[in-house]
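**Student:** Please see the structure below; I have some questions.
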Amino acid sequence: MGEDENAIIRCHELTKFYPVGEGVFALQNVHLTVYPGEFVLLNGPSGSGKTTLLNILGGIDRPSHGEVIMRGRKFSRMTEDGLALLRRKDLGFVFQFFNLIPELTAWENIAFPLKIAGVPPDEIRQRVSVLLSRLHLDGRANHYPLELSGGEQQRVAIGRALAHQPSLVLADEPTGNLDSKNAREVMELFRDFNRRDGQTFIVASHASEFAEYATRVVSLRDGRIVE
Amino acid sequence: MGAGTANVDIYLLLALRGTRVRPLQTVFIALSVACTVLAAVMVFGYMGAVTEVTAARVPGEPAGQLVARSACQTALGAWTRVLLLLPALGATATTCLLTASLLGRKRCLGVMRAEGGTTRELGRLLLFEALAAGVPGIPLGLGTGEVSSKLVWGIWVASAPALLASTGIALATVLLGMLLPLLLLKSATTDQLLMNKPVYVISNPSCAKCGACGGL
């Protein structure tokens, strides 16, 4: 129990059942504890439950059974808006298909979580400027998502996920839509933020070659953790 | 753009940019609002026309007053009934357009929720969007309403209360048109929005379990 108290996030007996046809178990009795500063790679083939697990860990989806606890807060007792406020402060998301807001420029997309969190404008400018520089996007700040390449869009999405300095970043197949060069660049950025800023990462990927970036690899098969 | 928008409310900025990104939808909402205002101005014009005709016959001829009122109402009354339908049609059209706009952007709204946007804040975004698209329809409706009133009833609707009331009716139809999108947004989970799954008017999971209607 003592080590669990130090955990940034933990889940136990997590089960997700979809009552489609005969019913599908996307997750079955999953236990996972992640500690601050870890870089966890969730590895497994397509359909193994990686996305479902990440969505439940991020409070985007609810489990059929089990509990997620982040710094003492039980997700099952939180409303949708309560979970949104938790994500605003403590969680960052990176999606496979970038999911940038098309009406906003790269600068504004990165600033979005800061604005909704009520960060003062001067601090927003300073933080976004630093991030743009670290993500090698200085010259692309005023471009809209459609004017950016896939790699650039994913770097903007990473900036958005990290702008509010969350303690935990969840990335769902962040390299799934990128060529190998951009994919490596993204993983190196994650490692850089993990090592320099101590941010915790849980990255879902079907590609096992990214294991070298992680401090721990968790493998999923058919909704169960196998190692 | 960029750092220059650091002081601007992000939801207001999104609503204003949205009018540029979705011009057709904006035009249709503005037109439905304009129709509502036009109808309201015309009704006020009709009331003014009846009063004017009646007043002209008043001096010393009570019978003439009644005849004039009756003739005027017979001739123009049918028109007002048709006109009174327009605000209802305007509200329906606004509802359809705003709902379609919400459903077409579920994923984007899901991303905002995933980033920490609350239902109230996203509701504010919908309100800003509805107003950004609908408000330009008000002067258009007032202008065309005035001209139509002059052409059909022969008078200008000059009274400020009538014009204000027409504007109020238009704003009310916009707000009415927001009800369904707001209900959908309130009952939708982040997962439903982000994964572009069907959403239901009644809070989940009760309605989603049934799913007979297929959701929206």
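Every read-out reported here was derived from the displayed coordinates using simple, explicitly stated rules and does not represent laboratory data. Owing to the predicted nature of the structure, the values given are computational and were not obtained by experimental measurement. Heads up, the Cβs are rebuilt from the backbone with ideal geometry, glycines too, and the neighbour counts pull from every protein chain shown.
**Student:** Going by Cα centres, segment A:25-85 and segment A:187-213 are how many Å apart?
**Tutor:** Measuring centre to centre over Cα atoms gives 18 Å.
**Student:** So if we plug the beta-carbon distance of A:Val130 and B:Leu140 into 1/(1 + (r/R0)^6) with R0 = 51 Å, what FRET efficiency do we get, rounded to 0.05? Show your work: numbers first, answer last.
**Tutor:** Working: r = 46 Å, r/R0 = 0.90.
Calculated transfer efficiency: 0.65.
**Student:** Can I ask one more? What is the sum of charges, Lys and Arg at +1 and Asp and Glu at -1, for the other residues whose Cβ falls under 14 Å from the Cβ of B:Trp153?
**Tutor:** Values: positive: B:Lys150; negative: B:Glu52, B:Glu146.
For residues surrounding B:Trp153, the net value is -1.
**Student:** Okay, moving on. Need one word for the protein assembly as shown: rounded, prolate or oblate. Basis is the Cα gyration tensor (sqrt eigenvalues a ≥ b ≥ c); a/c below 1.5 gives rounded, then a/b vs b/c decides. Provide the component values of the computation, followed by the final result.
**Tutor:** Values: a/c = 3.42, a/b = 2.30, b/c = 1.49.
Prolate is the answer for the protein assembly as shown, as a/c is 1.5 or above and a/b outweighs b/c.
**Student:** List the GluC sites (Glu not before Pro) within segment A:9-73 that DSSP assigns to loop and that have no more than 13 neighbouring Cβ atoms inside 10 Å. Present the calculation step by step, with values, prior to reporting the outcome.
**Tutor:** Details: sites: A:Glu13, A:Glu22, A:Glu38, A:Glu67; in loops: A:Glu22, A:Glu38.
Here the sparse-neighbourhood loop sites are A:Glu22.
**Student:** Once label points are set 7 Å from the Cα along Cα→Cβ at both B:Asn196 and A:Lys89, what is their separation, rounded to one decimal in nm?
**Tutor:** 3.4 nm
**Student:** For every other residue with a beta carbon closer than 15 angstrom to the beta carbon of B:Leu16, add +1 if it is Lys or Arg and -1 if Asp or Glu, then tell me the sum. Please report the intermediate quantities before stating the final value.
**Tutor:** Working: positive: A:Lys115, B:Arg17, B:Arg20, B:Arg22, B:Arg124; negative: A:Glu103, A:Glu108, B:Asp9, B:Glu129.
Combined, the nearby Lys, Arg, Asp and Glu give +1.
**Student:** Cα gyration tensor of segment A:70-227, axes a ≥ b ≥ c as square roots of the eigenvalues: rounded (a/c below 1.5), prolate (a/b > b/c) or oblate? Provide the component values of the computation, followed by the final result.
**Tutor:** Details: a/c = 1.75, a/b = 1.15, b/c = 1.52.
Oblate shape, in that a/c is at least 1.5 and b/c is the bigger or equal ratio.
**Student:** Take the alpha carbon gyration tensor of segment A:148-227, find the square roots of its eigenvalues, order them as a ≥ b ≥ c, and report rounded if a/c is under 1.5; if not, report prolate when a/b exceeds b/c, else oblate. Kindly include the intermediate steps, with their values, before the conclusion.
**Tutor:** On the way: a/c = 1.78, a/b = 1.27, b/c = 1.41.
Here segment A:148-227 falls in the oblate category.
**Student:** Please go through segment B:106-189 and write out the chymotrypsin sites (Phe, Trp or Tyr not before Pro) that DSSP classes as loop and that have at most 14 other C-beta atoms within 10 Å.
**Tutor:** Values: sites: B:Phe128, B:Trp153, B:Trp156; in loops: B:Trp153, B:Trp156.
The qualifying sites are B:Trp156.
**Student:** To continue, here is another question. Once the other residues with Cβ under 13 Å from the Cβ of A:Leu132 are scored (Lys, Arg +1; Asp, Glu -1), what is the net sum? Each step should come with its number before you reach the end.
**Tutor:** Numbers: positive: A:Arg125, A:Arg127, A:Arg134, A:Arg140, A:Arg155, A:Arg160; negative: A:Glu108, A:Asp138, A:Glu152.
Here the charged neighbours net out to +3.
**Student:** Residue by residue through segment A:86-99, which ³J(HN,Hα) values in whole Hz follow from phi under the Karplus form 6.51 cos²θ - 1.76 cosθ + 1.60 (θ = phi - 60°), with glycine and proline marked x?
**Tutor:** Couplings: 5, 5, 4, 9, 10, 10, x, 10, 10, 9, 4, 9, 6, 6 Hz.
**Student:** If you build a Gaussian network model of chain A, linking Cα atoms that sit under 10 Å apart, which residue out of A:Val20, A:Val203, A:Val128 swings the most?
**Tutor:** Taking springs between Cα atoms under 10 Å, the residue moving most is A:Val20.
**Student:** Let me ask something else about it. So what are the ³J(HN,Hα) numbers for segment B:123-135, from phi and the Karplus equation (6.51, -1.76, 1.60; θ = phi - 60°), rounded to whole Hz, Gly and Pro as x?
**Tutor:** Along segment B:123-135, the couplings run x, 5, 4, 4, 5, 4, 5, 5, 6, 4, 7, x, 4 Hz.
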